[in-house]
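Okay, structure first, notes after.
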Amino acid sequence: MSLTFSRRMERVRPSAIRDLLAHGADPRLISFGGGYPDQRLFPVAELRSVFDSVLSDATGSAALQYTTSEGLPALRAAIADRLAAKGTPTAADDVLIVQGGQQGLDLVGKLMLDAGDTVIVEDPTFLGALIALNPFEPQYATVRIDDEGMDVEHLETVLARHPETKMIYTVPDFHNPTGVTMSLARRTRLIELANQHDLLILEDTPYRELRYDGEHLPTLRSLDTEGRVVHLGSYSKILAPGMRLGWVIADPDVLARLTLLKLAADTQSSTLNMSAILAYTQQYDLDAHIERLVDAYRIKRDLMLATIDDTFPAGIERTTPSGGLFTWLTFPEGFDSTAFMKDVALPEARVAYVPGASFFAVDVKTNHARINFSGLSEDDIVDGISRLGALLTTHLK
Ligand code: PMP
C-alpha cells in the first residue's frame with residue numbers, strides 16, 4: 001500500500017515535549033518538562049460533587065444532550081461576566097467555548113491562513129501554537145522578546161520587511177516558554193501597529209490569572225478599539241486541563257465564522273463538562289481556588305529561582321517570571337541543551353527539562369531550556385535543580 005497523505009502532513013511533526021513526557025514513566029525521573037499544573041491542587045471532591053449535582057434527575061438529561069456550537073449559553077454568560085469584572089468588557093455573544101486554548105489556536109489558524117501566509121510570532125514562542133498553525137502551511141516571521149515582552153520596535157522593522165503579514169500571535173502574560181510579561185507601553189504600541197497594518201492579533205492568555213507579584217495589566221483585547229484582537233483563555237491552568245475547556249473572545253463577524261469552524265471540527269464542546277464547570281462556578285468560589293493556586297505556585301517559583309541561584313554556575317541566565325509556570329534559561333553560546341539533556345542530565349541525574357530548540361519558529365537556538373515549577377513537589381524542585389546545577393558546574397568548567 002502506498003498512501004499519498006496531504007501536503008500539510010509534511011509540516012506535522014512529533015512534538016519534542018510529547019517525546020519527553022514519554023520518559024515520565026520512569027519513577028526516578030524529576031521532570032521540569034511539560035506544563036502540568038500541580039494535580040494535588042485539583043478540586044477533585046468539589047468536581048465530583050458538581051458532576052453529581054449536574055447529573056441529578058432535574059438536570060441530568062439536559063447535561064447529556066447536544067447544545068449550541070457556541071457552547072452552553074449560561075457558561076458563555078458566566079465567562080463574559082468574569083472577564084468583564086476583571087477589566088475586559090465582554091458580552092455573552094462574544095464568547096465561543098472551545099476544547100481548551102489549543103482548539104482556539106487551530107480554529108483561528110483555519111480562519112486566517114492560506115499556505116504561504118505570514119504569521120508573526122515571538123522568538124521563542126509557544127510550541128503548541130506552531131504545532132497548531134503548521135498544518136496551514138504559513139511562513140513565520142519572528143520578533144525578539146525580552147524582559148518586557150515582545151519588542152515592539154523590532155516588530156516595526158519586521159512589519160516593514162513583511163507587509164504581507166496577516167496576524168500576530170502573542171502570549172502577553174507570563175509567556176510560554178520565557179515567563180516574561182509584556183509591559184503596558186508595549187501593549188499599547190502593539191495595538192497601534194496592528195491598526196496601522198490592519199492585522200489580527202491572537203492574544204493567548206492561559207496563565208493570566210496566575211500572577212504571583214505586581215499588578216495585573218490590561219488585556220490586549222481591552223485596549224483594542226477596532227475588534228482586531230481575538231482573545232484565548234482556558235480553564236486548564238486555573239481549574240483542570242482534563243476538562244478540556246477554554247474560550248475564544250472575538251467580535252461578532254469573526255466569532256460567527258469561528259463558530260462555523262467549531263461546528264465543522266467537533267459540533268460543540270462537551271455539554272457535560274460545560275455544565276459541570278458552570279455548576280462549579282455557581283457552587284464554589286473559583287477566585288478563592290485561584291488564590292490557593294497562586295499562593296502555592298509562588299512558593300514553588302521562589303524556591304526554584306533561589307535554588308538555581310544557589311547551585312548553577314556563573315554564565316547561565318534565567319528569567320524572573322512574575323506569574324505562570326515557567327522560567328527560561330540561557331546557557332553560554334555554543335551550549336547544546338538538547339545534547340546535554342540526552343547525554344548528561346537524563347542518564348547521570350535523571351533530570352529532564354524542555355530543550356529550548358523546539359520553541360523557535362525560524363532560527364533555532366540551541367542554548368536555552370524551559371523549566372516548569374508548578375508540577376513538582378517542593379522537595380523535587382530543590383533536589384532536581386541541585387542535581388542539574390552540580391552537573392552544569394562540572395560540564396561548564
Ligand atoms: N497556549 C499556551 C501559551 C499554552 O501554554 C497552552 C498549554 N500549555 C495552551 C495554549 C493550550 O492549553 P489548553 O488547550 O489546555 O487550554
For Asp253 and Glu46, calculate 0.36 nm times their separation in residues minus their Cα-Cα distance, and state this gained length in nm to one decimal.
-> 70.8 nm
Treat the count of other C-beta atoms within 10 Å as a stand-in for reagent exposure and order Glu348, Glu209 from fewest to most.
-> Glu348, Glu209
Sorted by chain and number, the residues with a modelled amide H under 5 Å from that of Val229, at a separation of 5 or more or across chains, are Ile201
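Any idea what the relative contact order of the range 205-332 is, in percent, if you count C-alpha pairs under 8 Å spaced at least 6 apart? Numbers along the way, then the final one.
Working: 106 pairs, mean separation 37.0, N = 128.
Answer for the range 205-332 is 29 percent.
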Net lengthening on full extension, Tyr66/Tyr284 (0.36 nm per residue, minus Cα-Cα) = 75.9 nm
Computed ³J(HN,Hα) along the range 120-130: with the Karplus parameters 6.51/-1.76/1.60, θ = phi - 60°, integer Hz and x for glycine or proline, the list is 9, 10, 6, 10, x, 9, 5, 4, x, 6, 5
Entries of Lys237/Lys300; Lys166/Lys262; Lys365/Lys397; Lys300/Lys397; Lys342/Lys397; Lys86/Lys300 with Cα pairs more than 23 Å apart | Lys300/Lys397; Lys86/Lys300
Taking amide hydrogens as modeled 1.01 Å from N in the peptide plane, which residues meet the under 5 Å criterion relative to Leu210, leaving out close sequence neighbours?
-> Gly324
At a Förster distance of 56 Å, what's the computed FRET efficiency of Thr394 paired with Leu55, Cβ-Cβ distance as r, to 0.05?
-> 0.50
What FRET efficiency, computed as 1/(1 + (r/R0)^6) with R0 = 22 Å and r the Cβ-Cβ distance, is obtained for Asp26 and Ala296, rounded to the nearest 0.05?
-> 0.30
Using 1/(1 + (r/R0)^6) with R0 = 45 angstrom and r between the beta carbons of Ala314 and Ala265, what's the FRET efficiency to the nearest 0.05?
-> 0.35
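Quote the relative contact order of the chain in percent (integer), defining contacts as alpha-carbon pairs under 8 Å separated by 6+ residues.
Details: 725 pairs, mean separation 91.8, N = 397.
Relative contact order here is 23 percent.
Loop only per DSSP, at most 15 neighbouring Cβ atoms within 10 Å: give me the chymotrypsin sites (Phe, Trp or Tyr not before Pro) in the range 25-100, ordered by residue number.
Working: sites: Phe32, Phe51, Tyr66; in loops: Phe32, Tyr66.
Answer by residue number: Tyr66.
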Note on the range 76-210: contact order normalised by length, alpha-carbon pairs under 8 Å, 6 or more apart, percent, works out to 21 percent
Listed by chain and number, the residues whose amide H is under 5 Å from that of Ala141, excluding neighbours fewer than 5 places away on the same chain and using placed H, are Val119, Ile120, Val121
Simple spin-label estimate for Glu10/Gln39, 7 Å along Cα→Cβ, in nm, reads 3.9 nm
Extending each Cα 7 Å along its Cβ direction at Asp114 and His162, get the distance between those two points in nm, one decimal.
-> 1.8 nm
Considering only DSSP beta bridges where both residues belong to the chain, give the percentage that are antiparallel (nearest 5).
-> 55 percent
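Just subtract the alpha-carbon distance of Ser183 and Leu272 from 0.36 nm times their residue separation and send over the number in nm, one decimal. Please list the in-between numbers first.
On the way: separation 89, 0.36 × 89 = 32.04 nm, distance 3.86 nm.
Fully extending the segment from Ser183 to Leu272 adds 28.2 nm.
All of the numbers you see were taken from the coordinates with simple rules; none came from a lab. Note that the structure is a prediction, hence the values are computed from the model and not measured. Virtual Cβ from ideal backbone geometry, glycine too; neighbours counted across all protein chains shown.
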